[in-house]
Structures are given as C-alpha cells and as structure tokens.
Amino acid sequence: MYKYDSYDQEMVDVRVEEFRDQTRRRLDGTLAEENFRPLRLQNGLYLQLHAYMLRVAVPYGTLSSAQMRMLGDIADKYDRGYGHFTTRQNIQYNWIKLEEAPDILADLATVEMHAIQTSGNCIRNISSDQYAGAAADELIDPRPYAELLRQWSSFHPEFLHLPRKFKIAVIASKTDRAAMRLHDIGIEIVKNDAGEIGCAFYVGGGMGRTPMIAPLINPFVPLDQLITYSEACLRVYNRYGRRDNKYKARIKILVHEMGKDEYTRQVEEEFAHLLTQGIEPPIAELERIIPHFADPAFDAATSDDLDLSDPDFKLWVDNNTVAHKAKGYVIATVSLKPVGGIPGDASADQIRLMADLARDYSFDELRVTHAQNIVFPHVKKADLYTVWQKLDAAGLSTANLDTIGDIIACPGLDYCSLANARSIPVAQKIAERFKAQDRLDTIGELKLKISGCINACGHHHAGHIGILGVDRKGVENYQLSLGGSEGADTSLGTITGPGFSEDGVVDAVEKATNLYLAQRQEGERFLDTYRRIGMAPFKEAIYG
Amino acid sequence: MKILTGNDLKTGAVIWWDGQAWSLHIEDAVDATEHADEILAREEAARHVNSSYVVDATQTPEGVRPNHIKERIRALGPTVRPDLTLKPADPSALNWVI
C-alpha cells in the first residue's frame, strides 16, 4: 500500500502544528468560535451531540496493521475505548476533548494518517472498492488512481471552498461495491473496444435530501488524462454551483438544472482548454505510485483446499468470504454487526486484534467498507480457520454479510446533532427480530439501510429496504422505502406510505420480508421480487 | 421554563446553567427565561461554554426535563450505551429520556 514520501509527511506534520497553534489560541481566547470553527472542521473536528467528534480519513478504505493498531490505541488513550467505522470508509471518535485533539493528530501523523478534508466544502476522502487489488473480477487495481486523485485533491487551492462538499469514488469492476453512481463523481475504470484502459465518468449523483443517480457524461477518458478531466468537472461545478442555498449547492443539482448535455458540453470545453495547460501530473508520479500497490508475495504453492467440517466455520465462510484473484486465497470480511451491537462500532481491543490478524495473515493490510465492516483482503485458505477462531473468540465472527442483519446505520440521534431520530435502536431491533440463522439464510441478500435524518449518511435511499428517521412534532417517526440499490443496478427507493413508530417499522419490515418469501420466484433476491411485482402488494401487506 | 445548555470548551462535555456556573447534571438546571441572552453572551465571552443555546424544559416532580428528545439525550448520554451515560449504574435512568 502507499507509503508517504517526505513531501506527504511534511505536509501532515506542518498541519498538525498549525492546528496545535490554532487550538491554543482558541483556548486562550485569541480566536473566537466563529473563527475557529472552520479551522477545526478542516481538521475533521466536529462538535456533536455529546462532545467533540473527530473523523479520521482512511484513503480509499485501505489501512496497514500499524495504522489500524494506532486507531485502537487512540480509542483507548483519547476516547472511551471504541471507534465507529463510517459509510465513507473512515473512522469517527465520539468523545474527543478539544485540548487533546492536536495530540491525536500528531499520533496519527506517526502512522501516515490525518483528518484533513474529512469535513467542509472540499473534496473529501476518495472512496473505492474494498476488494481492490484482491478481487477476481477487477480489470486493474483502482487504488493507484484513487491515490493520484487523493494527492491532486489534497490542499488543491482552487477546490478548498467549493459550493458544497464533494465525494469521488473509483472502481475497476463491473460489480459496483462502492455505490459509485451515488457520488458527485463516480469513476469506473473500463476497457474500450480497442483494448485500451480508461475511465468512464459519472457525474452528479448523490443521496441526501435530493437523491440522484449520476449520469454517464463520458464513457472513456484515457487514464493519462484522469486528473485533467476531473479538474474540468470540478471547474464547471465551482463556476456555476449555487452558493446561495446549501440545499441546492451539490453538483447533482447543477447537473440536473443545467442539464446533463449542457454540463457535459462545458466540461468538454474546459477539458480541451486544460489539455493545453499541461496540468496532468507527470507520468513519473504515477509510475512512482503504482509499485506501492503491487501484489504481495502470494504463495503459488499453497493449497486451494478448505476444510469445512466445522459447521460454524462453514457458515462464516459461506457468508463472509469471496473469491480472490490468487489461487489458494480468499477475501474475508469481518462483520461489525453482531446482534444487539451498534453497526460499525468496534472496541479498542477488537481493532487491535484485527490489526494483529492482518499483520499475521493478510499481508499487513485491511480495508474499511462503506457498509461499515472490515476486510482482510488476502487470507491464505490454509490460515482461514485460525483467523476465524481468533475472530470468534473476540465476538467478531458474525456470519451475516449482505443479509438483513448486516445493516448500515448512521449514528443517528444518539450521537449526531443533525439527526432527527435514532437509527441504532431500530437497527438493533431488526437484527434481533431476524437473528435466527435459518431465517437469515432463507431471506438471503437483503440490504437494509437506516438514516436518522434526510442527510442520508445511512444510505437509506439505496437500501433494498430503507428507513429514514424523521421528527414528527418532537416524536421519532420512521419512513419506510423499498427498491433502492447501490450496485451496478443502482436505483432509488420509493416510500411505502405513512411512517411508523420505532416498533411499528420493525413490524413493517417483517411484513415486507414475509411477502417477499411468499411471492419470490426461484433465485430471486428481495430486490428482484420487488422489481418484478412492484410496490402495490408490499403496500397491501404492510398497511392492509 | 427556559434552561441554558452548551458544551464545555475544553472537553466538549454537555453542560447546563445552574444559576451560578455550569453543571454536568440536568437536575441542576435553573429557569433562565429572563436573562438568557445576557448570560449566554457573558459566558461565551468568558470561554466558560461553547455553542450555547436556550432549551424549552419542564419542571417535573423528578426534576427538570427538556421538552425535546434531542436535549433529553444530550442530558444523559446515548440511549444505546447506558454504560457511557452519566448514570451507568442506574438502568432506569434512561426511562425519562426516550
């Protein structure tokens, strides 16, 4: 994985000391909160419901074991012994003291991490496929290009004060595991008819209060023009994006109101101009980056066999592992969704254990998924049973990946000052209702996502079943939607009808799944059945 | 009644105006209807509190209770982690919050 060079390290170290000075001045009264607030937000420090919250960037979700261990140590040293992995492949700490925040950033800098651009109207953490570099179905590893985008977007002087925040995803598989088309820019690395590798640009997607699926604006941009084309997309947005109304300031609104064709025309015009300016990073920089993502030294002689005689182990293998590109290896996902747990939370001890397992069994690498789980990307099949046993002993062997128990949930009103309703208790009640393994297996793939407000951090628009918490005269109420998806078949959910109480929405989810089981045809997932029979029978089952 | 809340500048902890200073405990909150703006301006300037605001609340036999669930959760802690609330040893403490 990528290692900082001296420039990267110096930039981060200088930024830590700059923030230390800003914090000192806030505490001694030289800086008022109105002046300090944008400075702390540029360093990922929010003031949330109970305390300061620090969001730490995990570029394209990739972590070394040393970085993961540091995340565990920070949870113990500065927080309350746990961290929360987010839907943007980052980690958040909920109980941070302002006076200690510079020390945390200094600790992070020792393992090449920071919290820069995890807030504010700038280009946020670049996200990617959590299986990148390991997936059997990918064209190439997208991470060198995500890293190039990270370097380009970090401290980019033109794009630090955009009309609104800006999110980019890069993938290189037909199977979209990164919700690519629900980003401001989604980049899919593709091969054209001539066999050349390039980028398909999807621009203007997003969730939030106005969810939109990004349209394709250019099916093939040569890889060596990736940054120039991205710059053109951002420039047109920066020029015309609305700054008078934050609810209409995202690029999705611009593309929608300007029209895809006119936006594309302007991007192409800007792109042609920028090509004359020579802003693309020199190829030598990409050539410097690519070797950081070279395959680890896979053991070509390792056995491809797996002893599945332990039924609990077999269950976990069936649910939580997928094929690896190298013979004798698998990609293993650790579910952070135990029944009764908080989606995405892990204790400091669990974080350190996963760090140790990555060091010993996954070539020192982990990934954070946007579904709030952790991936060991390269596990030898011969080691898998040992890994599972160690996970099981730490309460990390829940075998529910992509089932109704693998719920994405934002922190909601338990932690977030923007939330209107709690998300986590709803997730816990649903997980409890559907905890029987045979029930999970019978229902199969069902992606359920919960947001505690319209900002949609819990991706409810993209849930096969989505739940949105709203405030109805001071009382929590939950809207149900069906039919969303964030994969290659991206779609937005449709609201079923009137909202429910906390217990009522759990009952409604059960009625919807019961109808699915009664109506499904051979091989159909919940989403497939919904798409075939439509909303009406589900409404009848839920409200009738 | 109107009570005052905010966060401790250094620690971020949720605090409530008790008439003289800031307390971690909602039970100490007092009615500040008449001088709310004046108190908040003074206390913010003195860096005793950060991001302060006025909250509608009700005096009940059990104590002062914010009217809205958001401030009730702020007053005690996350409903999903009783161990991290101000009263981790009291399983019934969350009863009035939700």
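The mean number of partner chain beta-carbon atoms within 10 angstrom of a residue's beta-carbon across peptide A:340-348 is 1.
Backbone phi angles across segment A:287-292, fed through the Karplus curve with coefficients 6.51, -1.76 and 1.60 (θ = phi - 60°), yield HN-Hα couplings of 5, 6, 6, 3, x, 4 Hz in residue order; Gly and Pro are listed as x.
Rounded, prolate or oblate: which fits segment A:408-543, taking a ≥ b ≥ c as square roots of the Cα gyration tensor eigenvalues, rounded meaning a/c under 1.5, else prolate when a/b beats b/c?
Working: a/c = 1.66, a/b = 1.59, b/c = 1.04.
Verdict is prolate for segment A:408-543.
What percent does the relative contact order of chain A come to when contacts are Cα pairs within less than 8 Å and at least six residues apart? Here the relative contact order equals 13 percent. If I measure Cβ to Cβ between cysteines in the protein assembly as shown, which ones have no partner under 4.7 Å? Taking the Cβ cut-off of 4.7 Å, the unpaired cysteines of the protein assembly as shown are A:CYS122, A:CYS199, A:CYS233, A:CYS416, A:CYS453. Size descriptors for chain B: radius of gyration and Dmax over Cα atoms are 13.1, 38 Å.
Give, in nm to one decimal, the length gained when the segment between A:ASP356 and A:ARG472 is fully stretched (0.36 nm per residue of separation minus the Cα-Cα distance). If you can, show how the numbers build up before the last one.
Values: separation 116, 0.36 × 116 = 41.76 nm, distance 4.62 nm.
Using 0.36 nm per residue and subtracting the Cα-Cα distance, I get 37.1 nm.
If you take the Cα centroid of segment A:49-71 and the Cα centroid of segment A:399-457, the two points sit 22 Å apart.
Between the residues B:GLY12, A:LEU234, A:TYR478, the greatest Cα displacement towards the positive end of the dipole of the protein assembly as shown, with unit charges on the Cβ of Lys, Arg, Asp and Glu, is found for A:TYR478. Between the amide H of B:ALA13 and those of B:ASP8, distances stay under 5 Å, these residues lying 5 or more places away or on another chain, with hydrogens modeled in the peptide plane.
Normalised by the residues of segment B:2-92, what does the relative contact order come to in percent, with Cα pairs under 8 Å and at least six apart? Before the final figure, lay out the partial values.
Working: 137 pairs, mean separation 23.0, N = 91.
The normalised contact order for segment B:2-92 reaches 25 percent.
If you place +1 on the Cβ of every Lys and Arg, -1 on the Cβ of every Asp and Glu, and leave all else neutral, what size is the dipole of segment A:314-429 about its Cα centre, to the nearest 20 Debye? Can you show the working numbers first?
On the way: 12 positive and 12 negative charges, 50 e Å.
It works out to roughly 240 debye.
Within the protein assembly as shown, antiparallel bridges make up roughly 85 percent of the DSSP beta bridges whose residues both belong there.
Where only DSSP H runs of four or more residues are counted, chain B gives -5000 deg cm²/dmol as its mean residue ellipticity at 222 nm, each run worth -39500 (n - 2.57).
Distance between the 7 Å Cα→Cβ label points at A:VAL339 and A:ARG288: 5.3 nm. Put simply, the amide H of A:SER335, placed in the peptide plane, has neighbours under 5 Å in A:THR398, leaving out anything fewer than 5 places away on its chain. Taken about its Cα centre, chain A carries a charge dipole of about 1860 debye when Lys and Arg each add +1 at the Cβ and Asp and Glu each add -1 at the Cβ.
What does DSSP give for segment A:127-291 in terms of the percent of beta bridges that are antiparallel, rounded to the nearest 5? Display every interim value, and only then the final one.
Working: 13 of 19 bridges.
If I count the DSSP bridges inside segment A:127-291, around 70 percent turn out antiparallel.
Across the options A:THR529, A:ALA382, A:ALA355, the greatest Cα extent toward the positive end of the charge dipole of the protein assembly as shown (unit charges at beta carbon of Lys, Arg, Asp, Glu) belongs to A:THR529. A simple spin-label model places the labels of A:LYS511 and A:GLU445 2.8 nm from each other, with each point 7 Å out along Cα-to-Cβ.
Among the listed pairs A:LYS97/A:LYS337; A:LYS167/A:LYS429; A:LYS165/B:LYS87; A:LYS473/B:LYS2; A:LYS3/A:LYS174, a Cα-Cα separation exceeding 30 Å is found for A:LYS167/A:LYS429; A:LYS165/B:LYS87.
Here the Karplus curve 6.51 cos²θ - 1.76 cosθ + 1.60, taken at θ = phi - 60°, turns the phi angles of segment B:41-47 into couplings of 4, 5, 6, 5, 4, 7, 6 Hz, with x standing for Gly and Pro. Sorted fewest first by neighbouring Cβ atoms within 10 angstrom, A:CYS410, A:CYS233, A:CYS453 come out as A:CYS453, A:CYS233, A:CYS410.
A simple rule links phi to the HN-Hα coupling: the Karplus curve 6.51 cos²θ - 1.76 cosθ + 1.60 with θ = phi - 60°, which for segment A:174-186 gives 5, 7, 7, 9, 10, 6, 4, 7, 10, 10, 4, 10, x Hz, with x for Gly and Pro. Applying 1/(1 + (r/R0)^6) with r as the Cβ-Cβ distance of A:GLU432 and A:THR110 and R0 = 41 angstrom yields a FRET efficiency of 0.50. Here each label is just a point 7 Å from Cα along the line to Cβ, and for A:ASP305 and A:VAL322 those points are 2.8 nm apart. Taken about its Cα centre, segment A:361-418 carries a charge dipole of about 160 debye when Lys and Arg each add +1 at the Cβ and Asp and Glu each add -1 at the Cβ.
Relative contact order for segment A:1-111: what is it in percent, counting Cα pairs under 8 Å that are at least 6 residues apart? Intermediate results must be reported in sequence, preceding the final value.
On the way: 117 pairs, mean separation 32.5, N = 111.
Relative contact order for segment A:1-111 comes out at 29 percent.
Think of it as helices only: each DSSP H run of n ≥ 4 in chain A is worth -39500 (n - 2.57), and spread over all residues that comes to -11500 deg cm²/dmol at 222 nm. Take the convex hull of the alpha carbons in segment A:223-305; its mean projected area over all directions comes to 9.9 nm².
Kirkwood hydrodynamic radius computed over the protein assembly as shown comes to 25.7 Å, based on all pairs of distinct alpha carbons.
Partner aspartates and glutamates whose Cα lies under 12 Å from the Cα of B:LYS70, excluding those fewer than 8 positions away in the same chain, are identified as A:ASP414, A:ASP471, A:GLU476, B:ASP56. Among A:LYS390, A:LYS252, the order by Cβ neighbours within 10 angstrom, fewest to most, reads A:LYS390, A:LYS252. The antiparallel fraction among DSSP beta bridges confined to segment A:387-544 stands at about 65%. Between the residues B:TRP22, B:PRO82, B:TRP96, the greatest Cα displacement towards the positive end of the dipole of chain B, with unit charges on the Cβ of Lys, Arg, Asp and Glu, is found for B:PRO82.
Read the figures in this text as sums done on the coordinates, not as results from a lab. Quick caveat: nothing in here was measured; it's all calculated off a predicted structure. Backbone-built Cβ (ideal geometry, glycine too); neighbour counts: all protein chains shown.
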